[in-house]
Amino acid sequence: MPKLGVNIDHIATLRQARREAEPDPVQAAVLVELAGAHGIVVHLREDRRHIQDRDVRLLRQVVRTQLSLEMAVTDEMVRIASEVLPDQVCFVPERRTELTTEGGLDAIANRTRFKTAVKRLKDTGIRVSLFLDPDLDQIKLASVLAADAVELHTGRYANAKAARDREREFTKLLRAGELVHKLGLALHAGHGLTYRNVGPIARLPEVQELNIGFSIVARAAMVGLERAVREMLEAMGKV
Ligand code: PXP
């Protein structure tokens, strides 16, 4: 079974709704770890709409499992990551107007800039993952750029309404995952995963890590964070 990284951005979204001190994503991280998750994920967005710089610095001190930082490929973010030293960085595309990360990175169009950013982080000992659509050309380039991992964007699979569309998207993820593994990179997946649709993704051959946020935090509002995390771990293991 792959590892579960829980994205706690939306604990911070709730806090920012009132600009109060609660709920604190640092406290949430402790509960998520106690429930058995394998990592904590946060996205420090350029507009700081949810996670703040303070959160990332405190999480670095508190997280005992693995801290993954999602971020845009900018000088500012590379500098912050080099100071905070998360265990892993996942580079993601970022547009200010989007509600959430909408697509994978275009590593082909930004090859030189990405290569420099990957190298700068790897030189500090941080593992680097690239968030990519299941596009074979983009994945081949991830290997050329010396990334450690590819996180496949599961959003299209998750959003597909008709069974036929979902199957088509799943097949793309399957093929893309095979290539990631063949190239010697670690295979991660995430975005839009829920208790209902996570099963087949958790059983993708060689998948090492799933990163899931919204669905767990939404359920946590109803049943509590520890139970929500435990239920997701169960859903991942279900055959
Ligand atoms: N992986 C990446 C790279 C993401 O950008 C996000 C959203 O921040 C997620 C996983 C988690 O997506 P969701 O909140 O839909 O589970």
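Residues considered: Ala117, Ala109. Of these, the only one that is aliphatic (A, V, I, L, M) and farther than 27 Å from Asp9 by Cα is Ala109. Considering only residues that are within 18 Å of Ile8 (Cβ to Cβ) and polar (S, T, N, Q), which ones fall in the range 195-236? Within the range 195-236, Asn211, Ser215 qualify.
Restricting the search to the range 47-96, which residues are in a helix (DSSP H, G or I), more than 16 Å from the ligand (Cβ to nearest atom) and among the aliphatic types (A, V, I, L, M)? Please lay out each step first, then the result.
Taking the range 47-96 as the starting set, the residues that turn out to be in a helix (DSSP H, G or I) are 53-62, 75-84.
From the residues that got through so far, the ones that are more than 16 Å from the ligand (Cβ to nearest atom) too are 53-54, 57-58, 60-62, 75-76, 78-80, 82-84.
Those that are in a helix (DSSP H, G or I), more than 16 Å from the ligand (Cβ to nearest atom) and among the aliphatic types (A, V, I, L, M): Leu58, Val62, Val78, Ile80, Val84.
A Cβ distance below 8 Å, combined with a sequence gap of six or more or placement on separate chains, defines the contacts here; from the range 49-61, residues that are over 15 Å from Asn7 (Cα atoms) reach residues that are modelled with pLDDT of 95 or more in the pairs Asp53/Leu44; Asp53/Ile80; Arg57/Val84; Leu58/Val26.
Return only the number of the condition from (1) more than 17 Å from the chain's Cα centre (by Cα); (2) of a type in the set (Val, Ile, Thr); (3) within 14 Å of the ligand (Cβ to nearest atom) that Ile40 does not satisfy. Tallying (1) more than 17 Å from the chain's Cα centre (by Cα); (2) of a type in the set (Val, Ile, Thr); (3) within 14 Å of the ligand (Cβ to nearest atom), Ile40 fails exactly one: (1). State yes or no: is Ala147 of a type in the set (Gly, Ala, Ser), in a loop (DSSP other than H, G, I, E, B) and surrounded by 14 or more Cβ atoms within 10 Å (Cβ to Cβ)? Judged against the criteria, Ala147 is a match.
Take the conditions (1) open to solvent by 40 Å² or more (accessible area, probe 1.4 Å); (2) over 17 Å from the mean Cα position of the chain (by Cα); (3) among the aliphatic types (A, V, I, L, M); Leu85 misses just one of them, which is (2).
Quick check on my filter: what residues within the range 120-132 are under 23 Å from Asp9 (Cα atoms) and either of a type in the set (A, V, I, L, M, F, W, C) or without any contact (Cβ under 8 Å) to a residue 40 or more places away in the chain (or both)? Break it down stepwise before answering.
If we filter the range 120-132 for residues that are under 23 Å from Asp9 (Cα atoms), which is where we start, we get 121, 126-132.
The answer is Leu121, Ile126, Val128, Leu130, Phe131, Leu132.
Selection over the range 196-223 of residues that are within 14 Å of the ligand (Cβ to nearest atom) and surrounded by 18 or more Cβ atoms within 10 Å (Cβ to Cβ) gives a count of 15. Filtering the range 14-46 to residues that are of a type in the set (Val, Ile, Thr), assigned to a helix (DSSP H, G or I) and touching a residue at least 40 places away in the same chain (Cβ under 8 Å) leaves only Val32. In summary, Glu231 fulfils each of the numbered conditions (1) within 15 Å of the ligand (Cβ to nearest atom); (2) crowded, with 18+ Cβ neighbours inside 10 Å with the single exception of condition (2).
Check Gly125, Gly192 and return the single one that is within 12 Å of the ligand (Cβ to nearest atom) and not aromatic (Phe, Trp, Tyr).
Numbers: Gly125 fails: within 12 Å of the ligand (Cβ to nearest atom).
Among Gly125, Gly192, only Gly192 is within 12 Å of the ligand (Cβ to nearest atom) and not aromatic (Phe, Trp, Tyr).
Restricting to the range 111-131, give me the number of residues that are of a type in the set (Gly, Ala, Ser) and either surrounded by fewer than 22 Cβ atoms within 10 Å (Cβ to Cβ) or more than 17 Å from the chain's Cα centre (by Cα) (or both). Steps first, please.
Applying the first criterion (of a type in the set (Gly, Ala, Ser)) to the range 111-131 yields 117, 125, 129.
Next cut, either surrounded by fewer than 22 Cβ atoms within 10 Å (Cβ to Cβ) or more than 17 Å from the chain's Cα centre (by Cα) (or both) only: 117, 125.
Of the residues in that region, 2 qualify.
If we scan the range 137-160, do we find a residue that is away from the ligand (no atom under 13 Å from the Cβ), closer than 30 Å to Arg120 by Cβ and in contact with a Gly (Cβ under 8 Å, 6 or more places away or on another chain)? For the range 137-160, residues away from the ligand (no atom under 13 Å from the Cβ), closer than 30 Å to Arg120 by Cβ and in contact with a Gly (Cβ under 8 Å, 6 or more places away or on another chain): present. For Asp106, the conditions (1) away from the ligand (no atom under 16 Å from the Cβ); (2) surrounded by fewer than 19 Cβ atoms within 10 Å (Cβ to Cβ); (3) free of Cβ contacts under 8 Å to residues at least 40 places away in the same chain are fulfilled apart from (1).
The values are calculated or read from the model by the stated rules, or taken from the named source; none is laboratory data. Here the structure is a predicted model, which is why all the values come from computation and not from measurement. Ideal geometry is used to build each Cβ from the backbone, glycine not excepted, and the neighbour counts take in all protein chains shown. Heads up: the accessible areas ignore ligands, DNA and RNA and are worked out on the full protein's heavy atoms, side chains in. Shrake-Rupley method; radii C 1.70, N 1.55, O 1.52, S 1.80 Å.
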